[in-house]
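Chemist: I have a structure here, written as structure tokens, and I will follow up with some questions on it.
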Amino acid sequence: MARYADRFWEIDCLRGLAVLLMLLYHFLYDLDFFKLADIQLRSGVILYAGRFSALLFILISGVALSISHSRALNQESAGNGAENFSKYLKRGIKLYLMGLLLTGITWIFLPEEYIVFGILHFFGVSAVLVYPFLRYGKENLLFSLFFGLIGLYLRNTTFGFSNLLWLGFTPKNFSTLDYFPVFPWFGVLLAGVFLGNFLYSGGKRQFEVPYIGKDPLIRLFSRTGQHSLLIYFIHQPLFLGLLFLSGLLNLNML
């Protein structure tokens with residue numbers, strides 16, 4: 001890294017890998033959903049690739065939050081401003097509003113499986129929830145385990161209400177295109193915060209890694225990771241547009 005404020009290329013690269021796996025999974029999902037191809041999405045390699053992409057993306061987001069927090073504290077110590085809750089609140093609101101927009105769009109076109117609390121909703125809420133946890137180190141492993149175990153329990157349990165969907169309390173016959181409740185996924189984010197505090201203590205890399213950021217494939221992954229939010233937000237309209245232009249999809253199929 002030439003400058004302290006530079007991005008860590010390996011984090012962008014891993015985030016980009018997660019995004020590319022997500023794009024592949026969602027494109028295959030669209031083909032299966034619109035019955036353009038018979039693809040087994042609920043088991044096997046494709047399912048695990050989709051789950052791994054989500055896990056990696058959330059884990060890396062936790063690492064990045066930890067690094068950002070550490071650097072803000074360093075700037076505060078140097079008298080260059082103070083770390084405060086407001087920036088997390090603003091980011092959380094922005095992400096949650098983007099999630100609500102997707103809720104509205106999917107409610108119009110896919111009312112039976114519209115997105116109630118997808119990954120953007122999750123990132124919006126977790127951007128606020130994570131603030132008090134950023135100060136902790138090893139303790140975040142215990143917090144991560146707590147959220148994970150409760151999430152595993154809730155996954156196989158149904159309830160007679162739906163107002164706590166965002167936490168992971170699902171009613172019977174609940175179906176949605178995208179669902180990332182706080183339990184267990186906030187536990188994955190906290191595991192990332194722990195890794196960030198351990199591997200990038202003080203906002204600086206604590207290990208040696210050869211720089212290969214100029215490799216074309218690595219640059220592709222890194223650039224993708226740097227624009228992950230924009231890519232996530234527009235990828236489905238682009239996929240649908242591509243299917244329409246190719247003639248494989250028409251309005252009667254929606």
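The values are calculated or read from the model by the stated rules, or taken from the named source; none is laboratory data. All values reported here derive from a predicted model rather than from experimental measurement. In this analysis, Cβ positions are derived from the backbone assuming ideal geometry, glycine residues included, and neighbour counts consider all displayed protein chains. Quick note on the areas: whole protein, heavy atoms, side chains included, nothing else; ligands and nucleic acids left out. Shrake-Rupley method; radii C 1.70, N 1.55, O 1.52, S 1.80 Å.
Chemist: Using each residue's phi in the stretch 127-139, evaluate 6.51 cos²θ - 1.76 cosθ + 1.60 at θ = phi - 60° and report the 3J(HN,Hα) Karplus result to the nearest Hz, with x for Gly and Pro.
Modeler: Those phi angles translate into 4, 8, 5, 6, 3, x, 7, 5, 7, 8, x, 4, 4 Hz.
Chemist: Considering only Ile218, Ser162, Ser66, whose Cα is most displaced toward the positive end of the charge dipole of the chain, charges sitting on Cβ of Lys, Arg (+1) and Asp, Glu (-1)?
Modeler: Result: Ser66, furthest along the dipole toward the positive end.
Chemist: Still on this structure, I have one more. Shape verdict for the stretch 130-254, please, from the Cα gyration tensor: rounded (a/c under 1.5), prolate (a/b greater than b/c) or oblate.
Modeler: Numbers: a/c = 3.36, a/b = 1.10, b/c = 3.07.
Oblate shape, in that a/c is at least 1.5 and b/c is the bigger or equal ratio.
Chemist: For the stretch 175-240, state which chymotrypsin sites (Phe, Trp or Tyr not before Pro) are in a DSSP loop and have at most 13 other beta carbons lying within 10 Å of their beta carbon.
Modeler: Working: sites: Tyr179, Trp185, Phe186, Phe194, Phe198, Tyr200, Phe207, Tyr211, Phe221, Tyr232, Phe233, Phe239; in loops: Tyr200, Phe207, Tyr211.
Sparse-neighbourhood loop chymotrypsin sites (Phe, Trp or Tyr not before Pro): Phe207, Tyr211.
Chemist: In percent, what relative contact order does the stretch 9-253 have, based on Cα pairs under 8 Å that are 6 or more apart in sequence? Before the final figure, lay out each step's value.
Modeler: Details: 328 pairs, mean separation 74.8, N = 245.
Value for the stretch 9-253: 31 percent.
Chemist: For Leu89 and Lys214, calculate 0.36 nm times their separation in residues minus their Cα-Cα distance, and state this gained length in nm to one decimal. Write out the running numbers ahead of the final one.
Modeler: Working: separation 125, 0.36 × 125 = 45.00 nm, distance 3.55 nm.
My answer for the length gained is 41.5 nm.
Chemist: Mind checking the dipole of the chain: about its Cα centre, +1 per Lys or Arg Cβ, -1 per Asp or Glu Cβ, Debye to the nearest 20?
Modeler: Working: 20 positive and 14 negative charges, 108 e Å.
The dipole of the chain has a size of about 520 debye.
Chemist: Say we join alpha carbon atoms closer than 10 Å with springs in a Gaussian network model of the chain; which of Ile119, Ile67, Ile234 then has the biggest fluctuation?
Modeler: Ile234
Chemist: Mind listing the long-range amide H neighbours of Ile115? Cut-off is under 5 Å, sequence gap 5 or more, other chains count too, H placed in the peptide plane at 1.01 Å from N.
Modeler: Thr106, Trp107, Leu177
Chemist: Shifting gears a bit: Return the carbon/sulfur percentage of the accessible area of the stretch 9-253, one whole number, probe 1.4 Å, all protein chains in place. Working shown, then result.
Modeler: Numbers: 9070 of 13720 Å².
The computed percentage sits at 66.
Chemist: Does a label point 7 Å from the Cα of Ser162, set along Cα-to-beta-carbon, have any residues of the stretch 98-134 with amide nitrogen under 13 Å, and which are they?
Modeler: What the label zone holds, given the 13 Å backbone N cut-off, is 107, 111-117.
Chemist: Please name whichever of Gly203, Val188, Tyr232 sits farthest to the positive end of the charge dipole of the chain, dipole taken about the Cα centre and charges placed at Cβ: Lys and Arg +1, Asp and Glu -1.
Modeler: Most positive-ward Cα: Gly203.
Chemist: Given the Cα atoms of the chain, and with Rh set as the inverse mean 1/r over their pairs in the Kirkwood sense, what is Rg to Rh to two decimals? Don't jump to the answer; show the numbers that get you there.
Modeler: Values: Rg = 19.4 Å, Rh = 19.7 Å.
That ratio is 0.98, to two decimals.
Chemist: Let me ask you something else. Once R0 is set to 45 Å, what does the formula 1/(1 + (r/R0)^6) return for the Cβ-Cβ distance between Ile108 and Lys138, expressed as a FRET efficiency to the nearest 0.05? Numbers along the way, then the final one.
Modeler: Working: r = 46 Å, r/R0 = 1.03.
It comes to 0.45.
Chemist: What number comes out for accessible area per residue over the stretch 9-253 if the probe is 1.4 Å? Units Å², please. Write down the numbers at each step before the final one.
Modeler: Values: 13720 Å² over 245 residues.
Per residue, the stretch 9-253 has 56 Å² of solvent-accessible surface.
Chemist: Would you grab the residues whose amide H sits under 5 Å from the one on Thr170? Only those 5+ places off in sequence or on another chain, please, with H modelled 1.01 Å from N.
Modeler: For Thr170, the qualifying residues are Phe159.
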